[in-house]
Amino acid sequence: MQPDGILKDGHFYGFWCGDKLPNVYLHENTPDSKVNISELAAGKKVIIVGVPGAFTPCCSKDYVPDFISDCGKYKSKGVDEIVCISVNDPYVMAAWGKDLNAGGKVRMLADGNGAFTKALGLEKDFTDTLGTSSSRCKRFSMYAEDGVVKKLFVEPDGHSVTCSKSENLLSQL
Amino acid sequence: MAVNPTSKILSKVVNSRVGLNFLANGRKYIHVTSAVTMPVKSGDKLPSVDLYENSPASKVNIAELTARKKVIIFGVPGAFTPGCSKTHLPGYVSDFDKFKSKGVDEIVCVSVNDPFVMAAWGKEHSADGKVRMLADTNGAFTKAMDLEKDLTGPLGSIRCQRFSMLVEDGVVKTANVEPDGTGLTCSLSNSLLSQL
């Protein structure tokens, strides 16, 4: 099975529709507050959105705000939770969520050491755009039911906003 | 108490700290612990390393920034972390005028974060015009200064020990590195002010 979305040059991502979410811990607000993503998703309909970086212009201006403002629409389609992840520490993620008024709408979960990103096979070298030598997460959005991925949109170049935007994912539900 | 000549030798061992402990029977012994050293010290020249301001495209060479100027540089383990946010950064922002009156040309804050995060943190603390928020994105400056601290557990990566320093024409005049790398003692604004 292949992931949904636009595939470029035949590249196959490590993660596919039909796969079960990995059993990985993320952090919420502080390093002490662990959240196991597969436990979070168990028995629920969940949207997970991944971004290259908290506070980056593209992620901040429209991308995540769209998921926040579409929260009501997702809920009306039966979605239980919307989660945003990035390879940033939990303090940065919490501050970003506060800046975006995500409270009560999108949970900001930190993939501090990139374990979740790696498990999904969605790592990307963002040296050119962010200057970071350690990997960040490609931009993606997914819909999972009871921990199994049903829809997955990964940006072909890892950072543009095309197939993974909220409007597109919503139309697929 | 006279300095033990052995401790003089051991103190030069990398990553060691020598101390004297007293046993119950009154005998003294020297212990060596692998505690944090104070690698950056007075007389050191700043390395020629690029930091980033606001965006990855905006490079600032720290050696060039400090040439022919009196500059305060302080480093933190992480933008938006509690200690750094509640105490360390705000202290320097509010003491800006006091530093200026002592002839300081610029105050710079450094952390191993990307420039977008640093800019956002600075904005949250109204640092603009007072403290320049410079991103040591990949830790190159932190490494060159031998100020790395493994905070992989809580923060996911190697970060910078908390420190403050006064630099004149690119040379360190005073350096204060927190003994445990993260405490809020000697590197705080009021402490450095009293040293000027």
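The values are calculated or read from the model by the stated rules, or taken from the named source; none is laboratory data. Given the structure is predicted, the values throughout are model-derived calculations rather than measurements. Virtual Cβ from ideal backbone geometry, glycine too; neighbours counted across all protein chains shown. The area values use the complete protein model at the heavy-atom level, side chains included, leaving out ligands, DNA and RNA. Shrake-Rupley method; radii C 1.70, N 1.55, O 1.52, S 1.80 Å.
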Considering each residue of the range B:145-163, count those that are more than 9 Å from chain A (Cβ to nearest Cβ), among the hydrophobic types (A, V, I, L, M, F, W, C) and over 12 Å from the mean Cα position of the chain (by Cα), and give that number.
1
Pick out, from the range B:142-189, the strands (runs of 3 or more DSSP E) lying fully within it that include 3 or more residues that are open to solvent by less than 30 Å² (accessible area, probe 1.4 Å) and over 23 Å from A:Asn29 (Cβ atoms).
B:163-168, B:171-177
Looking only at the range B:53-78, which residues are open to solvent by less than 10 Å² (accessible area, probe 1.4 Å), assigned to a strand (DSSP E or B) and away from chain A (no Cβ under 14 Å)?
B:Val71, B:Ile72, B:Ile73, B:Phe74, B:Gly75
Does any residue in the range A:13-34 that is under 25 Å from A:Tyr91 (Cβ atoms) and touching a residue at least 60 places away in the same chain (Cβ under 8 Å) come within less than 7 Å, Cβ to Cβ, of a residue that is basic (Lys, Arg) and buried (at least 16 other Cβ atoms within 10 Å of the Cβ) six or more places away or on a different chain, and which pairs are these?
A:Glu28/A:Arg107
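This table checks each residue for (1) closer than 20 Å to B:Glu53 by Cβ; (2) of a type in the set (A, V, I, L, M); (3) away from chain A (no Cβ under 14 Å).
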site: B:Phe80; (1), (2), (3): yes, no, no
site: B:Cys84; (1), (2), (3): yes, no, no
site: B:His88; (1), (2), (3): yes, no, no
site: B:Lys102; (1), (2), (3): no, no, yes
site: B:Cys109; (1), (2), (3): yes, no, yes
site: B:Asn113; (1), (2), (3): yes, no, no
site: B:Phe116; (1), (2), (3): yes, no, no
site: B:Trp121; (1), (2), (3): yes, no, no
Among the residues of the range A:41-55, count how many are open to solvent by less than 10 Å² (accessible area, probe 1.4 Å) and either hydrophobic (A, V, I, L, M, F, W, C) or within 14 Å of chain B (Cβ to nearest Cβ) (or both).
9
Among the candidates A:Gly112, A:Gly97, A:Gly121, single out the residue that is more than 8 Å from chain B (Cβ to nearest Cβ) and either without any contact (Cβ under 8 Å) to a residue 40 or more places away in the chain or crowded, with 20+ Cβ neighbours inside 10 Å (or both).
A:Gly97
Sort out for me the helices (runs of 4 or more DSSP H) sitting completely within the range A:106-173 that have 1 or more residues that are modelled with pLDDT of 95 or more and touching a strand residue (DSSP E or B) at 6+ places or on another chain (Cβ under 9 Å).
A:115-120, A:166-172
Suppose the filter is open to solvent by 10 Å² or more (accessible area, probe 1.4 Å), aromatic (Phe, Trp, Tyr) and free of Cβ contacts under 8 Å to residues at least 40 places away in the same chain; does B:Phe96 pass it?
yes
